[in-house]
Amino acid sequence: TTERKWWQQAVVYQIYPRSFQDSNGDGIGDIPGIISRLDYLRELGIDAIWLSPVYRSPQDDNGYDISDYQDIDPMFGSLADMEELIAEAKKRGIRIIMDLVLNHTSDEHRWFQEAKKSKDNPYHDYYVWRDGVEGELPNDMEAAFGGPAWEWVPELKQYYFHQFSVKQPDLNWENEKVRREIYDMILWWMDKGVGGFRLDVIDQIAKEPDQRITANGPRLHEFIQEMSRETFQKGDLITVGEAWGADPERAKLYSNPDGSEFSMVFQFEHIGLDQQEGKSKWDLAPLRLVDLKKALAKWQEELHGCGWNSLFWNNHDLPRIVSRWGNDKEYRVQSAKMLAMILHGMQGTPYIYQGEELGMTNVRFPDISHYRDIETLHLYEERVEAGYDEADVMTSIYAKSRDNARTPMQWDGSANAGFTAGEPWIEVNENYRQINAETEMADPDSVFRFYQKLIALRKEYPVIVDGKFTLLFPEDEQIFAYTRSSKDSQLLVLANFSGKEASCSLPEMWAEGQVLACNYEKENSAGEGEWKRGHLRPYEAVMVL
Ligand code: TEU
Ligand code: CA
C-alpha cells in the first residue's frame, strides 16, 4: 500500500480574504487581518488554509481575474505581508494553499494588454482569438456571467474567447509558452514556502470552442501531468483541482495515488441535487436525501484505495449548508453539527469554509441593491428583463447567491461583528449578535466546539482516515447512516437528516459501543445518545466506535 500522505489526515480551512478580517478600516478584509486570527484557527485545529486569490486584480470577479500572479493587490497588503502570513502560519503548524486561476487572466494582465496590440505580437497567441465580422459571433456560446462568450476587438477585427466575464479572457493552453510561464510562476510560489494550490476550473483549461467543448478537452490530462511533473512533484504539497465536470473515472486520474496529477479534486455531483433537472442552480428543487446518499456513497466506494476525495458542503461560491440542507431556525445548532458529522466521518480531506464552524447562515438582504456578486447581479438583470416575477428571482437569490457565503465573518457582537471598524464592502448578516466566534467559543456545546472535536477525532482514529465506507439504509428518506471499517476497527455514523423523529433497527453489533460524538450530548455529561434504541430526535447525529 502507498504510505499515507500528510493531507490525507489533514483538515483544510478556506478563507475568503475580502470577508475574513479587516485590519485598516477600509471595510475590506486583508492579509494582516488574517495574521491576527491565526491563533483562532490553531484553536480550531486545522492544518492548512486555502486562501482565495489575493493577487493584483481589478476585482471584476473578486480576484478571480488576476492581472499579476506574482504580486499582492494593495487592498489585501503586500508581498511582505504574504511572506509574513506564510511564516506565522508555519509557526502554528499551518500550511498556506494558494488559489491558482489558470484558465483565464484579467484583461488588465500585461500579457493581454500586449496580445490585443496586434495579431503578430508575441503574446497574441497566449489567448484564444477568432477572425470575424462585427456582429457575427463565431458561435452562440454563452459566458458564465451573462452575454456571449466572444468579445469583439475592432482594431484586430477579431473576437476573443471568455468563459467567464468579458474581463476574464481565456488563456490558450495549447501554447507551450503560456504553460512555461505558468510553471515558472508556480515554482516561484513554491520557493516562497506555500504548502499547496487550489486550481480554479482546472478542467476548463483544455477546450475546443469551435466544437463547443469548454471542459475535459482531449489534452486535459496531458497538460495536468506536465504541470504536475514540472512543478508540484518537486515539493510535498497538497493540490486540489476544481472540476465541475468530474466523474469518478476522471477523478481516478486526477487523484491517482502515484502523484502524477493532483492530490484530489472538488467534484460537484452532490451540489447539483437541489435544482431542476437540466436547468440552472437558480431553478430550485427540494433535495431528496436518497439522491444525496447515493451520490456521496458512489464517490466513497469508487475512489477507495485508488484515489482520494475532497469533502465539502461550502465554499465562496455556494450557499451556507445549514440554511441549504439543515434548519437555520429552531434546529440551527443541531443540524449544523449533524451536517458536520456526516461530512467529517467520510473518507477524504474535509474542507471548512469560513463561518461554517460557527453555523453561519445565508443572508436575506431587503433588495438587490445590497448584493455585490457579479453572477448574482447578472442573474437579476437577465431574469427581471426576461419578465420573471421579481419576488421569484429574489427567492432564487436568497437560496443560491454566492453572496450568501461572502457576508463578513462574524467574530463578536460588536459593531460589524468585529470584522471592520469601517464600512464593510458588503453588509454583515444581521444575526451576528447571536452567531459569532466569541459566543461560540464560550459555549462548550457550540458548533465551533463540535467542529474542534470532529477535527481531533480524525487525528485520533485511523479508521476515519483509512476505513472502507459502507452506506446503511440506502432507501431511508430521513436517516443518513454509514460505517467505516478497517481490519481492526469499525465506526458507525448515524444521523437523522430530517426535522422529524426517526427510528431504525440497527445491526446487533451496534447495540454497544463508545459514543465518540453526539450532537444532543451535553459536553459536561456522560450522556448516552438515544441511538441505542435506534430512535433519533430531529437532526440527531451520533458517531460510535
Ligand atoms: O468557479 C467556477 C464556476 O464555474 C463557478 O463560478 C460556478 O459556475 C458558479 O459559481 C456557481 O454557479 C470558479 C471560482 O470558484 C469562482 O469564484 C469564479 O467566479 C470562477 O471560477 C471564475 O474564475
Ligand atoms: Ca482592509
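Can you list residues from other chains, or at least 5 along the same chain, whose modelled amide H is less than 5 Å from the amide H of Phe497?
Ile479, Phe480
Neighbour counts of other C-beta atoms within 10 Å: give me Arg537, Arg288 arranged from fewest to most. List each step's numbers first, then the result.
Values: Arg537 18, Arg288 12.
Sorted ascending by nearby Cβ count, the order is Arg288, Arg537.
Simple spin-label model, 7 Å along Cα-to-Cβ: Gln434 to Glu460 in nm?
Each label point is offset 7 Å from its Cα along the Cβ direction, giving 3.1 nm.
Have a look at Ser503, Gln163, Val153 and report the one farthest towards the positive end of the charge dipole of the chain, computed about the Cα centre with Cβ charges (Lys/Arg +1, Asp/Glu -1).
Positive-end residue among those listed: Ser503.
Report relative contact order for the range 188-313 in percent, whole number only (criteria: Cα-Cα under 8 Å, sequence separation at least 6).
Relative contact order of the range 188-313: 21 percent.
Averaging the inverse of every distinct alpha carbon separation and then flipping it gives the Kirkwood radius. What is it for the chain, in angstrom units?
Values: mean 1/r = 0.0412 Å⁻¹.
One over the average 1/r among Cα pairs gives 24.3 Å for the chain.
Using only Cα atoms, tell me the angle between helix 220-230 and the longest principal axis of the chain; keep it within 0 to 90° and round to the nearest 10.
90 degrees
Could you give the nm distance between label points at Thr395 and Ser369, where each point is 7 Å from its Cα heading toward the beta carbon?
2.5 nm
Apply the Karplus parameterisation 6.51 cos²θ - 1.76 cosθ + 1.60, with θ equal to phi minus 60°, to every residue of the range 23-38 and state each ³J(HN,Hα) to the nearest whole Hz, in sequence, with x for glycine and proline.
Coupling constants for the range 23-38: 10, 10, x, 8, x, 10, x, 8, 5, x, x, 5, 4, 5, 10, 5 Hz.
Which percent, nearest 5, of DSSP beta bridges in the chain are antiparallel?
Values: 37 of 62 bridges.
In the chain, approximately 60 percent of DSSP beta bridges are antiparallel ones.
Return, ordered by residue number, the residues of the range 422-438 whose backbone nitrogen is under 19 Å from a label point located 7 Å along Cα→Cβ of Asp26.
Those under the cut-off are 422-427.
With a Förster radius of 45 Å, plug the Cβ-Cβ distance of Ala415 and Glu174 into 1/(1 + (r/R0)^6) and report the FRET value to the nearest 0.05.
The calculated FRET efficiency here is 0.30.
When the Karplus curve 6.51 cos²θ - 1.76 cosθ + 1.60 is applied with θ = phi - 60°, which whole-Hz ³J(HN,Hα) does each residue of the range 344-353 get, with x for Gly and Pro?
6, x, 8, 8, x, 9, x, 10, 10, 8
Where the only charges are on Cβ atoms (+1 Lys, Arg; -1 Asp, Glu), what is the dipole of the range 373-467 about its Cα centre, to the nearest 20 debye?
620 debye
So what is the relative contact order for the chain, in percent, with contacts set as C-alpha pairs under 8 Å and at least six apart?
Relative contact order here is 13 percent.
If you plug each phi of the range 244-258 into the Karplus form 6.51 cos²θ - 1.76 cosθ + 1.60 with θ = phi - 60°, what whole-Hz ³J(HN,Hα) values come out, in order, with x for Gly and Pro?
Taking θ as phi minus 60°, the curve returns 4, x, 7, 10, x, 4, 5, 5, 5, 6, 4, 10, 4, x, 7 Hz for the range 244-258.
Please give the contour-minus-distance gain from Asp291 to Asp210: 0.36 nm per residue of separation, less the Cα-Cα distance, rounded to one decimal in nm.
Values: separation 81, 0.36 × 81 = 29.16 nm, distance 3.51 nm.
Computed gain between Asp291 and Asp210 is 25.6 nm.
About its Cα centre, how strong a charge dipole does the chain have in debye, to the nearest 20, once Lys and Arg get +1 and Asp and Glu get -1 at the Cβ?
In total the dipole reaches around 1640 debye.
For each of Trp189, Trp152, count neighbouring Cβ atoms within 10 Å of the residue's Cβ, then give the residues from fewest to most.
Working: Trp189 19, Trp152 16.
Listing Trp189, Trp152 from fewest to most nearby Cβ atoms yields Trp152, Trp189.
Gain in length, Val515 to Lys91, computed as 0.36 nm per residue apart minus the alpha-carbon separation, to one decimal in nm? Could the numbers behind the result be given before it?
Values: separation 424, 0.36 × 424 = 152.64 nm, distance 3.39 nm.
Taking 0.36 nm per residue and subtracting the Cα distance, the gain is 149.2 nm.
Amide H of Phe197: which non-local residues (sequence gap of 5 or more, or other chain) have their own amide H closer than 5 Å, using H built in the peptide plane?
When sequence neighbours closer than 5 places are left aside, the close amide H contacts are Met98, Ile238, Thr239, Val240.
Can you list the residues of the range 322-351 with backbone N under 16 Å from a point 7 Å past the Cα of Asp443, pointing along Cα to Cβ?
Under 16 Å, as judged by backbone N against the label point of Asp443, lie 322-323, 327-340 of the range 322-351.
Dipole of the chain (Lys/Arg Cβ +1, Asp/Glu Cβ -1, origin at the Cα centre): which of Phe76, Gly413, Pro218 lies farthest to the positive side?
Of Phe76, Gly413, Pro218, it is Gly413.
If each residue of separation counts as 0.36 nm, what is the full-extension length gain between Trp244 and Glu230 once their alpha-carbon separation is subtracted?
2.6 nm
Take the alpha-carbon centre of the range 170-231, take the same for the range 388-419, and report the distance between them in whole Å.
Value for the Cα centre distance between the two parts: 33 Å.
Around Ala517, which amide H atoms from residues at least 5 apart in sequence, or from another chain, sit under 5 Å from its own amide H, with H modelled in the peptide plane?
Distant-sequence amide H within range of Ala517: Met543.
For the range 66-186, give the magnitude of the charge dipole about the Cα centre (Cβ charges: +1 Lys/Arg, -1 Asp/Glu; no others), in debye to the nearest 20.
So the magnitude is around 380 debye.
From a point 7 Å beyond the Cα of Ser280 in the direction of its Cβ, which residues of the range 388-416 have a backbone N at a distance under 17 Å?
388-404
Taken together, the values in this text are just the output of simple stated rules run on the coordinates, not laboratory data. None of the values given here were measured: they were computed from a predicted structure. Because the Cβ atoms are built from the backbone with ideal geometry, glycine has one as well, and the counts that use them run over all protein chains shown.
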